[in-house]
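Below is one structure; the comments refer to it alone.
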Amino acid sequence: MINSIQHFCQNGVKNVEKVMVDYSADMTKIAEMVQGVTKGVVDLGLSIIAEEWENYDEMLRSRKELRPGWYIVRRDETTLLTSLGSVTYHKTLFRNKFTGEHEYLLDRIMGIEKHARMTEDAEAKLLEEAVQTSYRKGGESASISNDVVSKETVMNKIHPLKFPRVEPQMEKKALKYLYIDADEDHVSLQYINKKGDIKKPRTNTIMPKLIYVYEGITNESGRNELINKKHFGGVYEGGKGIEQLWEEVAEYIESSYDTEELVKIYINGDGAAWIKSGQKILDKAKFVLDRFHMHKYIIGATSHLLDSMEDARSEIYRSIYEKKKYKAEEVFEKILSVTETESKRKTVEAAKAYILGNWAGIMQCVRDKNKEVQCSAEGHISHVFADRMSSRPLGWSRIGVDKMSRLRIYEKNGGNMLELVRFQKEELPLAAGCEEVIYSSNQMFLAERKNRETLGALADVPVYSIPYPQIKKMAALKNHIWGL
């Protein structure tokens with residue numbers, strides 16, 4: 001770090017001064033001034049990072065006691081992309097005399113995987129953009145410099161992602177009612193596993209599922225907002241997949257709420273079998289047909305009746321509010337008797353089957369008269385999934401849909417992308433005993449004198465006057481290496 005600062009004092013400051021002189025000649029050139037200062041600061045930062053890493057590597061090379069059993073093979077130059085830009089530095093390859101394995105100990109200490117080309121902060125930046133826009137823009141946003149990652153690299157970072165369980169509430173809450181809305185999106189597939197493997201008449205759509213749990217609705221800000229909302233979902237197919245999804249929801253509810261105090265859990269949805277199946281997994285859960293789809297089918301069944309349209313709709317709604325299923329069936333039969341075209345008859349038949357088939361879900365809402373049972377799943381599907389995956393002409397693979405839907409859910413739940421990147425890595429083994437390296441006062445004075453010779457004019461700056469950071473570096477290296 002010291003060399004980088006000294007170099008900046010000698011050269012970088014002059015470059016910044018030149019930028020300011022140029023700006024004084026034409027103060028409308030604000031962009032050029034900002035860009036010039038940014039470049040100077042970024043270059044300094046990259047130099048400091050490279051020097052710091054090489055400083056650790058030099059310690060490993062020069063102090064054999066920090067790496068017992070490891071011998072130097074060669075020193076190589078490498079480049080890592082960080083969120084600040086590309087850092088080029090040197091690292092040493094070592095060989096273990098007992099096992100014969102070769103390893104860059106600096107990489108091992110820093111948690112850099114073999115053949116890695118970017119740091120975790122750059123990966124986090126990449127994910128933050130890719131989850132919102134596209135793989136291409138994600139690659140462009142990995143660094144604030146002009147270094148760009150290809151969209152294929154972004155895809156390869158996203159496809160193997162693993163996601164942590166949804167974090168439960170800090171303390172269990174005692175509530176009488178919980179609300180769950182559920183729906184799915186329809187996403188176009190370009191291929192299943194590889195391009196060209198979808199052949200007609202095979203379907204080319206996949207439906208990622210979305211479930212969100214909340215405690216009620218508030219209107220304090222002037223618009224309806226869901227209280228303590230948590231999302232769940234992804235591509236869950238088949239009976240076992242759907243059961244797994246609902247079990248994840250059940251696990252969250254068990255961990256976050258006092259289930260003995262719960263009176264009822266409302267599951268709102270369009271009546272799909274996978275949504276209703278939540279009643280089998282969640283104790284005290286009851287399905288409620290969302291009003292959007294109920295109204296949609298009723299309108300579809302009556303829109304062709306012209307002058308008698310409003311009367312027919314009123315009769316259907318009256319039978320619903322009077323809780324008389326047989327009357328609703330009679331109304332649909334009357335509508336069918338005056339419907340002539342085959343296409344319209346099919347529409348009415350579908351509406352009849354839908355309303356009568358979901359009668360229990362409709363009655364649940366009518367009987368309870370709970371004003372907070374208001375399904376907003378259509379809007380959430382658009383906001384969480386469709387905005388990124390299906391609102392524009394895009395082609396996905398099955399795994400791409402699954403990972404992107406989970407990444408969107410992770411982001412909507414307030415997840416931190418840097419934490420997600422770190423979640424992918426196994427923790428480094430701890431050193432046996434985690435011994436702290438202790439130095440005598442004589443060693444500290446010797447290190448201090450050597451430090452002052454290195455620093456020169458900067459030696460009197462307080463932050464550098466005590467060699468404690470250097471001691472901590474050696475301690476960290478020793479503990480890490482001994483843990484190998």
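A few points about this structure:
- Cleavage-rule hits (trypsin sites (Lys or Arg not before Pro)) in the range 206-254: DSSP loop, at most 14 neighbouring Cβ within 10 angstrom: R223
- The slack in the chain from T78 to Q424, taken as 0.36 nm per residue of separation less the alpha-carbon distance, amounts to 122.2 nm.
- Student exercise, the range 291-426 dipole from Lys, Arg, Asp, Glu Cβ charges, in Debye to nearest 20: 480
- Carbon and sulfur %, accessible surface of the range 88-133 computed with the full protein complex present, 1.4 Å: 47
- Between T205 and E251, the modelled labels are 3.1 nm apart [label points 7 Å from Cα along Cα→Cβ].
- The range 97-220 shape via C-alpha gyration tensor axes, a/c threshold 1.5: oblate
- Gained length - V263 relative to K14, 0.36 nm times residue gap less alpha-carbon distance: 82.5 nm
- Out-of-range pairs (alpha-carbon distance over 30 Å; input K39/K157; K280/K371; K284/K325; K137/K240; K327/K369; K176/K209): K137/K240
- Modelled FRET efficiency - R0 22 Å, E330 with R291, Cβ distances, 0.05 increments: 0.50
- Where labels lie 7 Å past Cα in the beta-carbon direction, separation of M170 and M309 in nm: 5.4
- Neighbour cut-off at most 12 other Cβ (10 Å), DSSP loop, trypsin sites (Lys or Arg not before Pro), the range 67-143: K97, K114
- Scoring 355-366, 296-307, 29-40 by mean Cβ neighbours within 10 Å over their residues and listing the highest first yields 355-366, 296-307, 29-40.
- Looking at the chain alone, DSSP beta bridges between its own residues are antiparallel in about 70 percent of cases.
- DSSP-loop GluC sites (Glu not before Pro) across the range 96-184, with at most 16 other Cβ within 10 angstrom: E101, E113, E171
- Over the range 57-137, the fraction of Cα-Cα pairs per 10 Å bin, rounded to whole percents and listed from the shortest bin up, is 16, 40, 24, 13, 6.
- Overall dimensions of the range 339-414 by Cα: Rg and Dmax, Å: 18.5, 53
- Simple rule: put +1 on each Lys or Arg Cβ and -1 on each Asp or Glu Cβ in the chain, find the dipole, and look at G45, I158, A377; the Cα lying farthest toward the positive end is I158.
- Cα-centre dipole for the range 193-319 with unit charges at Cβ (Lys and Arg positive, Asp and Glu negative), debye to 20: 860
- Positive-pole candidate from S391, A351, G138, dipole of the chain, charges at beta carbon: A351
- Given charges at beta-carbon only (K, R positive; D, E negative), |dipole| of the chain in Debye: 1040
- In the full protein context, the chain carries 56 Å² of accessible surface per residue, based on a 1.4 Å probe and ignoring ligands, DNA and RNA.
The values are calculated or read from the model by the stated rules, or taken from the named source; none is laboratory data. Model, not experiment: these values are computed from the prediction. Neighbour counts run over all protein chains shown; Cβ positions are idealised from the backbone, glycine included. These area figures cover heavy atoms from the full protein model, side chains too; ligands, DNA and RNA do not enter into them. Shrake-Rupley method; radii C 1.70, N 1.55, O 1.52, S 1.80 Å.
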